[in-house]
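Novice: Before we start, here is the structure in question, set down as structure tokens.
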Amino acid sequence: MIEHAQNINNAIVTMDVALPGIVWGWMITLNMWAKSIATGVILVGAYLLARYSKDNKDLKGLKNIIPIIAFIFLNIFLLFTLLDLHQPFRMINIFLHPHWTSAITVGAWLASALTGAIAFLVYLVMFKNETGELYDKVMKIATVLAIPVTLYTAVIMGQSSARELWQTPAELVQMALAASLVGAATLSFFSDRWSANVKRDLGIIMATSAFLMFTVYMGEYFLSWKLAEAEATMAYVHSGGEYNFMFWLGQTAIFAAFALAFMSTRNSSGGMLKLAAIISIVGLYIAKHVWLIIPQLLPLS
């Protein structure tokens, strides 16, 4: 413990001690999960709109669905971010006194801008019945903003001291794959009125995202010996560790989602696609929760 230590820059540190136990718990898991759904729906939806822009009958109602789903889950993401803060009213200082070297500050501004753009799209589709040129322009802005919003959490995790399992490059890939997986999965529930080609695209996106995500997790599982702390962290899931069952439950769900989504592309089965979507959404939450918790179980001393 360091009490009232002062350095040459006059920065004062008081009671610098390790925080025991889990600091980032289920609220942060729910935070990342909801953010992945919101940004994934925007990104996958934007892809479908661009791909089938000449034939809107393939995507009946998609322009109405995207902003409504994204708005709901963005607000869940922001709500649980706020609730997790010990003194949530201090969050206003991010906007009144921003420090642009902080990933949290940049992420908060980007997330707020994205929520504003999506709120305007909700206004257009619900009160103005507008899905034309103005909608398309705002949607492009929302799509650009959705990319850094879904990725910035990886930077925050990578900056966490003594958490070798959270490496920014790998986490960036995981965040992107999570968004594309659950974005396609969520839109699959509304695909009954869409063409077989659209359903096939959703299946391909889900299958590809799930397979790559499973591959990254397996790489971490089997190659963690390269970093001493990562190896010690993974002991909680290796060989019947405390989180072994939950880890493999999440990975099994992700692999099952890959298999079902892939099979749905072969026979255009809407039922199989929706089953893959349910398993994807649940499996992602479990996998994210394990990956968030286990590095915090390792004593920092």
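Novice: Checking the conditions here, which among Val106, Val144 is β-branched (Val, Ile, Thr), assigned to a helix (DSSP H, G or I) and touching a helix residue (DSSP H, G or I) at 6+ places or on another chain (Cβ under 8 Å)?
Specialist: The match here is Val106.
Novice: Ok, one more. How many residues, within the range 199-216, are surrounded by fewer than 21 Cβ atoms within 10 Å (Cβ to Cβ) and of a type in the set (A, V, I, L, M, F, W, C)?
Specialist: Residues in the range 199-216 being surrounded by fewer than 21 Cβ atoms within 10 Å (Cβ to Cβ) and of a type in the set (A, V, I, L, M, F, W, C): 4 in total.
Novice: If a residue has to be hydrophobic (A, V, I, L, M, F, W, C) and over 30 Å from Ser102 (Cβ atoms) to count, how many in the range 130-150 make the cut?
Specialist: Looking only at the range 130-150, we keep the residues that are hydrophobic (A, V, I, L, M, F, W, C), and these are 134, 138-139, 141-142, 144-147, 149.
Add one more test, that the residue is over 30 Å from Ser102 (Cβ atoms), and what stays is 134.
Residues in the range 130-150 being hydrophobic (A, V, I, L, M, F, W, C) and over 30 Å from Ser102 (Cβ atoms): 1 in total.
Novice: Scan the range 28-38 and tell me whether some residue there is of a type in the set (Ser, Thr, Tyr) and at pLDDT below 90. Please lay out each step first, then the result.
Specialist: As a first pass, look at the range 28-38 and keep what is of a type in the set (Ser, Thr, Tyr): 29, 36.
If we keep only those that are at pLDDT below 90 as well, we get 29.
Yes, because at least one residue in the range 28-38 is of a type in the set (Ser, Thr, Tyr) and at pLDDT below 90.
Novice: May I pose another question? Taking interchain pairs and intrachain pairs at least six residues apart, which have beta carbon atoms under 7 angstrom, with the first residue in the range 118-131 and part of a loop (DSSP other than H, G, I, E, B) and the second aliphatic (A, V, I, L, M)?
Specialist: So the pair list comes out as Glu130/Leu124; Thr131/Val125.
Novice: Please give the number of the condition Leu172 fails out of (1) in contact with a Phe, Trp or Tyr (Cβ under 7 Å, 6 or more places away or on another chain); (2) without any contact (Cβ under 8 Å) to a residue 24 or more places away in the chain; (3) not basic (Lys, Arg).
Specialist: Only one criterion in (1) in contact with a Phe, Trp or Tyr (Cβ under 7 Å, 6 or more places away or on another chain); (2) without any contact (Cβ under 8 Å) to a residue 24 or more places away in the chain; (3) not basic (Lys, Arg) is unmet by Leu172, namely (1).
Novice: Identify all residues within the range 132-148 that are aliphatic (A, V, I, L, M) and either without any contact (Cβ under 8 Å) to a residue 24 or more places away in the chain or farther than 18 Å from Ile68 by Cβ (or both); write none if there are none.
Specialist: Within the range 132-148, Leu134, Val138, Val144, Ile147 qualify.
Novice: For the range 147-166, give me the residue count where each residue is in contact with a helix residue (DSSP H, G or I) (Cβ under 6 Å, 6 or more places away or on another chain) and modelled with pLDDT under 85.
Specialist: Count: 9.
Novice: Limited to the range 165-189, what total is found for residues that are buried (at least 18 other Cβ atoms within 10 Å of the Cβ) and assigned to a loop (DSSP other than H, G, I, E, B)?
Specialist: Count: 2.
Novice: Evaluate the range 98-109: report whether one residue or more is surrounded by 15 or more Cβ atoms within 10 Å (Cβ to Cβ) and free of Cβ contacts under 8 Å to residues at least 12 places away in the same chain.
Specialist: Scanning the range 98-109 turns up at least one residue that is surrounded by 15 or more Cβ atoms within 10 Å (Cβ to Cβ) and free of Cβ contacts under 8 Å to residues at least 12 places away in the same chain.
Novice: Looking only at residues in the range 225-258 that are of a type in the set (Phe, Trp, Tyr) and either under 19 Å from Leu297 (Cα atoms) or surrounded by fewer than 16 Cβ atoms within 10 Å (Cβ to Cβ) (or both), which one is modelled with the lowest pLDDT? Can you show your working first?
Specialist: Just the residues of the range 225-258 that are of a type in the set (Phe, Trp, Tyr), to begin with: 225, 236, 243, 245, 247-248, 255, 258.
Subsequent filtering for residues that are either under 19 Å from Leu297 (Cα atoms) or surrounded by fewer than 16 Cβ atoms within 10 Å (Cβ to Cβ) (or both) retains 225, 236, 243, 245, 247-248.
Numbers: Trp225: 64, Tyr236: 81, Tyr243: 85, Phe245: 91, Phe247: 90, Trp248: 92.
Taking the candidates together, the pick is Trp225.
Novice: Next question, about the same structure. Residues Ser269, Ser264, Ser239: which one is closer than 25 Å to Leu49 by Cβ, over 17 Å from the mean Cα position of the chain (by Cα) and free of Cβ contacts under 8 Å to residues at least 40 places away in the same chain?
Specialist: Ser269
Novice: Exactly one condition in (1) under 20 Å from Ser36 (Cβ atoms); (2) out of contact with any Gly (no Cβ under 9 Å at 6 or more places or on another chain); (3) not hydroxyl-bearing (Ser, Thr, Tyr) is not met by Leu273; state its number.
Specialist: Status for Leu273: all satisfied but (2).
The values are calculated or read from the model by the stated rules, or taken from the named source; none is laboratory data. Everything numeric here is computed off the predicted structure, so don't read it as measured data. Glycine also receives a Cβ, built like all others from the backbone with ideal geometry; neighbour counts cover every protein chain displayed.
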